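Comments concern the structure below.
The values are calculated or read from the model by the stated rules, or taken from the named source; none is laboratory data. Computed from a prediction, not measured in an experiment: that's the story for all the values here. Cβ sites come from the backbone with ideal geometry, for glycine too, and all protein chains shown count toward neighbours.
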Amino acid sequence: MSATDFDSIVVPELHGRLTDPSLPLSGDEVAVLTMLEARRHRLNRKYDAALDVIEVGRKRMLSLGDGEPGPTLMLQAELNLERGRNLVAAGRFTEATPVLQSVVHFAGIYTPNSPHPLLAGLVESALAGLGHGHGSEMDRCLERARENARRFGMDTLPDERTALRIELMRSLDRLDLNAAEDILGALDQAKPTQSLGPMPDCAKALYYVYRGRASIAAKLVTESSTVQIRPTAAGDASARFSGIVNVVGFVLAAAGETKTLQDMSDRMSSANPGDAIVKARQALVFGQHDRLWTATGQALSSDQGPRLKSCAMALRADILHHEGQADQALETFVHMLDYCAIAASVFAVAQLSKAAREALIPASADFAEWEAVARSFHSADITADVLQQRLLELPETSPVAPDFQTDLTPAEQSLLFAIDSSKSIAQIAREFGVVSGTLKNRLSALYRKLGVRSRAEAVAHVHRQQ
């Protein structure tokens, strides 16, 4: 049974009929109209609107009168697939997973000899796992999808480009940079399908960082039209947004772009889930132990998944190492490895400064937690020794040493970075919402705190920390 190609259906007069109570519709007609409307919104990247339409359609199907048949099982599976895709795109990964699993379950029972909707359901399930940081589930879904594609006589998956993007992230999760390079080459040949938003550029940026080209990586994420490093809507409060912010923040820190990192933080508020991890990275740069601990505590108590939590623990381990608290740093590092095993990823370990990696990896090399991380990849080729060696061979990914000498408030940090520009005092004052005299008083206090006498000396202080 082939997939219904709603992209080829162009019937504008049907739009809006779903909500017309006077229009008699059968169960199948409600399902088709719902999918048509939802897909139109998804293609326009209006994912919440698509989910609202699907909810309207589901309610209408539930209100069908006695004796009126509901939609066929196939159309129900198609509708669940559309709903799952929109949930993933909206960053609601935990909701998407059971919906997509129901599609795969249906396909296994009712359409076992058809590639659709089985293959699409498996690839979308892997994408949901990527969003919430459950690597092992991603691997299982993609492996099953490729096995079934071969069974159907297919050399590639219908959505090969999406599958390759997920496999690229998985190769980076295990630091297999040669595999990542091969996948990047294959992506150039793959047929474009659905939009994957910022994921492609974020993955490529990580690859550049791991190859020692952090400067290019930072330019990629700041110039990309798909990577949004500032919140644009209330719906950004999701694991998807925090995951993007986490990667972008790491890339900027790896390139020593502390001013750009500060600018990104200034555009965010505590309501955004990625705010805590960005604030924690800033606190590491400025050697602010208490502020880092508070920010990482917020990340650890969130529902943003094990990948983000492993990164929060990595930041804690890094500052403890720089403070010379070897035992506490090692203990925190081991807790981080537990999250890495759950996420099936060493992304967090790769974020540690080279000095911290060179100290903490050998100190923990024989710990059982490393074996748990290796087993999470379900590959005989991935052992604890292999992962440790790859991590030790990485270039510096946290080049800015913490400044424990000067304890600046977030407002003072923003001001310090603001004067590192060609803007006049009057321009900066307008941006901060104060008059020039008030700003000059704040600058004088900041100069005294830094032990400098002028704007030029304060800017030089910033550059010495980079």
Residues in region 75-97 that are under 16 Å from G133 (Cβ atoms) and either among the aromatic types (F, W, Y) or assigned to a loop (DSSP other than H, G, I, E, B) (or both) total 3
Report yes if T383 is at pLDDT 95 or above and closer than 27 Å to G133 by Cα, otherwise no. yes
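Give the residues of region 409-427 that are touching a helix residue (DSSP H, G or I) at 6+ places or on another chain (Cβ under 7 Å) and within 21 Å of Q282 (Cα to Cα), sorted by residue number.
Residues of region 409-427 touching a helix residue (DSSP H, G or I) at 6+ places or on another chain (Cβ under 7 Å): 412-420, 425-426.
Listed by number, the residues that qualify are E412, Q413, S414, L415, L416, F417, A418, I419, D420.
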Taking interchain pairs and intrachain pairs at least six residues apart, which have beta carbon atoms under 9 angstrom, with the first residue in region 248-266 and over 16 Å from Q413 (Cα atoms) and the second small (G, A, S) and not in a helix (DSSP H, G or I)? V248/G274; G249/G274; F250/S398; A254/S398
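Residue by residue, here is whether (1) outside the structural domain of V334 (by TED's automatic domain parsing); (2) farther than 25 Å from H335 by Cα; (3) among the hydrophobic types (A, V, I, L, M, F, W, C) holds:
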residue	(1), (2), (3)
S364	no, no, no
A368	no, no, yes
V373	no, no, yes
I382	no, no, yes
P402	yes, no, no
L416	yes, yes, yes
Q427	yes, yes, no
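When the residues of region 78-108 are filtered to those that are among the β-branched types (V, I, T) and farther than 20 Å from V32 by Cβ, which remaining residue is modelled with the highest pLDDT? Can you show your working first?
Narrowing region 78-108 to residues among the β-branched types (V, I, T): 88, 94, 97, 99, 103-104.
Pick out the ones that are also farther than 20 Å from V32 by Cβ and you get 88, 94, 97, 104.
Numbers: V88: 89, T94: 85, T97: 90, V104: 94.
By that ranking, first place goes to V104.
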Tell me which of these R165 doesn't satisfy, since it passes every other one: (1) part of a helix (DSSP H, G or I); (2) closer than 24 Å to V32 by Cα. (2)
Identity of the residue in region 407-422, surrounded by 14 or more Cβ atoms within 10 Å (Cβ to Cβ) and either part of a loop (DSSP other than H, G, I, E, B) or among the hydroxyl-bearing types (S, T, Y) (or both), that ends up modelled with the lowest pLDDT: D407
